1. Run the numbers on region 142-254 and let me know its relative contact order in percent, using alpha-carbon pairs under 8 Å that are six or more apart.
2. For the chain, just run the numbers: alpha carbon Rg, then divide by 2.2 N^0.38 Å, N being how many residues it has.
3. If I model a spin label as a point 7 Å beyond the Cα along the Cα-Cβ vector, how far apart are those points for D116 and R236 in nm?
4. Given Cα pairs under 8 Å that are at least 6 residues apart, what percent is the relative contact order of the chain?
5. Among 185-197, 89-101, what's the highest-first ranking by average C-beta atoms within 10 angstrom per residue?
6. Rounded to the nearest 500, what is the chain's calculated 222 nm mean residue ellipticity when only DSSP H runs of at least 4 contribute -39500 (n - 2.57) each, over all residues?
7. About the Cα centre of the chain, what is the dipole size in debye to 20, counting +1 per Lys and Arg Cβ and -1 per Asp and Glu Cβ, all else neutral?
8. Where a ≥ b ≥ c are the square roots of the eigenvalues of the C-alpha gyration tensor, would you call region 154-254 rounded, which needs a/c under 1.5, or, failing that, prolate if a/b is larger than b/c, or oblate?
Amino acid sequence: MQEDLIGKINKARMPRHIAIIMDGNGRWAEEQGQDRLYGHYHGVESVRIIVEGCAELGVEYLTLYAFSTENWDRPQKEVEGLMLLFVDTIRKEVPILNKNNIRLRVIGDLSLLPKDAHKELHEALEMTSQNTGLNLILALSYSSRWELVNAVKHIALDVEKGTLQAANVNQQTLEQYLATSEFPDPELMIRTSGEYRISNFLLYQLAYAELYFTNTRWPDFRKENLVEAILDFQGRNRRFGKTDKQIEEETALL
Ligand code: FPP
């Protein structure tokens with residue numbers, strides 16, 4: 001890709017955490033008269049390229065929305081095909097993740113996964129657990145509403161047990177009970193394929209994220225598209241509810 005485009009990136013203002021809704025695999029395939037699974041297979045190539053790109057650019061966390069809780073309702077053939085694809089990809093990619101010092105993480109209701117996918121995933125998590133570079137977080141059988149209900153349930157159980165006082169529950173407490181408790185919030189959320197929705201993805205964690213939407217279908221998404229999203233992010237004015245003047249004063253103190 002054009003090195004001058006990468007050269008425009010301000011390394012001091014890299015997003016630490018990028019989250020991506022990888023949308024458009026099905027439409028990409030259907031536009032070519034192919035089965036939807038053909039699009040998912042091609043989507044894996046984009047995953048490889050973007051994971052590698054993020055590692056090279058020094059992004060610390062990359063969350064990919066690979067399969068939502070609602071995706072279980074898709075036709076059985078597509079669900080089974082996707083599960084096989086996850087198992088196969090994870091098995092093949094572990095040595096490459098290790099070579100690139102990438103640690104695999106996962107968020108979601110893993111109890112719903114078929115046994116072999118569950119096993120493969122746990123082995124991959126273990127085998128990459130010592131890596132200290134990019135954290136690649138797969139959101140698998142994930143939805144924000146599932147995550148929030150799960151967190152509230154566990155908070156209630158701990159209050160019932162007496163290990164937590166209801167009066168002490170604050171934002172930090174809730175964050176500790178979320179699936180993302182070990183990760184900072186994403187600063188940039190990218191959604192491909194022209195839909196302007198969050199689709200039950202990291203609803204709490206995206207509170208102050210910059211949202212970037214592109215018409216590019218996920219199987220066509222390449223490193224230059226990632227760089228364009230990062231450059232767009234770097235051109236934004238992030239105020240976190242404060243005024244421009246306050247932000248300028250805070251930046252001058254750094
Ligand atoms: C959304 O496109 C995409 C998915 C539901 C699956 C994404 C999975 C991959 C890209 C494979 C990744 C593999 C690993 C191991 C991370 P869609 O089917 O909703 O597209 P559509 O909106 O055009 O129908």
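1. Answer for region 142-254 is 23 percent.
2. Cα Rg divided by the expected 2.2 N^0.38 Å: 1.06.
3. Placing both labels 7 Å along Cα→Cβ, they lie 4.1 nm apart.
4. So the answer I get is 28 percent.
5. In descending order of packing, they fall as 185-197, 89-101.
6. For the chain, the value works out to -15000 deg cm²/dmol.
7. Dipole magnitude for the chain comes out near 180 debye.
8. Oblate is the answer for region 154-254, as a/c is 1.5 or above yet b/c matches or exceeds a/b.
Values in this text are rule-based calculations from the coordinates and carry no lab data. Here the structure is a predicted model, which is why all the values come from computation and not from measurement. Because the Cβ atoms are built from the backbone with ideal geometry, glycine has one as well, and the counts that use them run over all protein chains shown.
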